[in-house]
1. Quick check on the stretch 132-152: of everything there that is crowded, with 19+ Cβ neighbours inside 10 Å and touching a residue at least 60 places away in the same chain (Cβ under 8 Å), which residue is farthest from PRO199 (Cα to Cα)?
2. Right, GLY78: touching a strand residue (DSSP E or B) at 6+ places or on another chain (Cβ under 9 Å) and surrounded by fewer than 21 Cβ atoms within 10 Å (Cβ to Cβ) or not?
3. Within the stretch 17-24, does at least one residue satisfy the condition of being modelled with pLDDT of 95 or more, part of a helix (DSSP H, G or I) and surrounded by fewer than 21 Cβ atoms within 10 Å (Cβ to Cβ)?
4. Residues of the stretch 141-167 being over 30 Å from the mean Cα position of the chain (by Cα), more than 19 Å from LEU184 (Cβ to Cβ) and not hydroxyl-bearing (Ser, Thr, Tyr), which ones?
5. What number of residues within the stretch 189-205 are aliphatic (A, V, I, L, M) and on the phi > 0 side of the Ramachandran plot?
6. I'd like the full set of residues that are touching a Gly at 6+ places or on another chain (Cβ under 8 Å) and either more than 20 Å from ALA202 (Cα to Cα) or part of a helix (DSSP H, G or I) (or both), limited to the stretch 133-146.
7. Can you pull out the residues in the stretch 78-110 that are touching a Pro at 6+ places or on another chain (Cβ under 7 Å) and farther than 17 Å from GLY10 by Cβ?
8. Within the stretch 39-48, is even one residue in a loop (DSSP other than H, G, I, E, B) and either without any contact (Cβ under 8 Å) to a residue 12 or more places away in the chain or of a type in the set (Gly, Ala, Ser) (or both)?
Amino acid sequence: MGESYLIPAGLGSAEIVEKRSRFLGRVWPVETEAEARQRIEETKKCHYDARHNCWCYVLREGNILRYSDDGEPQGTAGQPMLNVFLREGVTNAVCVVTRYFGGILLGTGGLVRAYTQSAKAALDAAGLCRVATWEQCTLGCPYSYYERVARLCAAHGCVVEDTDFASDVTLEVLIPAEAAAAFLAELREMSAAAVTALPQGAVHRPVPLTLPEKE
């Protein structure tokens, strides 16, 4: 069974303005140090005219943590950006925050806040995936049990990937492997076996924590 961990769901970007300085934050998921360095270099080339391109990355394999203040006062940029990843429990991620200087000095506290906010806003824009082992299961659910089943799924950290409303409700559910036995037992007890559960096998893959709404 693979270990569970969080990664960015994709590219996330955000911009904040602090006393006329523009801070452009970007976050990407990465698998290797070479890939992280490539993202950093691409950003530096794209924003060659910026005063600073500060960066950080964290990689699960080898427990690698790297950061750079890129000319900002020591400890005001790269480390605060990295702290965002550490606080959120995110790995396999790189962040670059580009600063276009607005002519007004922000001071140490102002810089720390600006770089922290930029990294957090970019990570929020990227969204998160949980990489874990999931038990795939198809649930057949009478309408009278649908709300209770949905609450049970949420309580056990399940991800409902698809819902089909026909004569009954059919849900395609990913159950965290460690919660599968308890979830299925509680499901049987709660519904007196009126809700059917058809296991589809285990998978180890990233799953978005928030799935997009269907139109």
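The values are calculated or read from the model by the stated rules, or taken from the named source; none is laboratory data. Quick caveat, the model's predicted, so the values are computed rather than measured. Positions of Cβ are generated from backbone atoms using ideal geometry, with glycine treated the same way; all protein chains shown enter the neighbour counts.
1. ALA132
2. Against the criterion (touching a strand residue (DSSP E or B) at 6+ places or on another chain (Cβ under 9 Å) and surrounded by fewer than 21 Cβ atoms within 10 Å (Cβ to Cβ)), GLY78 does not qualify.
3. No, every residue in the stretch 17-24 fails to be modelled with pLDDT of 95 or more, part of a helix (DSSP H, G or I) and surrounded by fewer than 21 Cβ atoms within 10 Å (Cβ to Cβ).
4. Matches in the stretch 141-167: ALA166 only.
5. So the count comes out to 2.
6. none
7. Correct list: THR108 only.
8. Yes.
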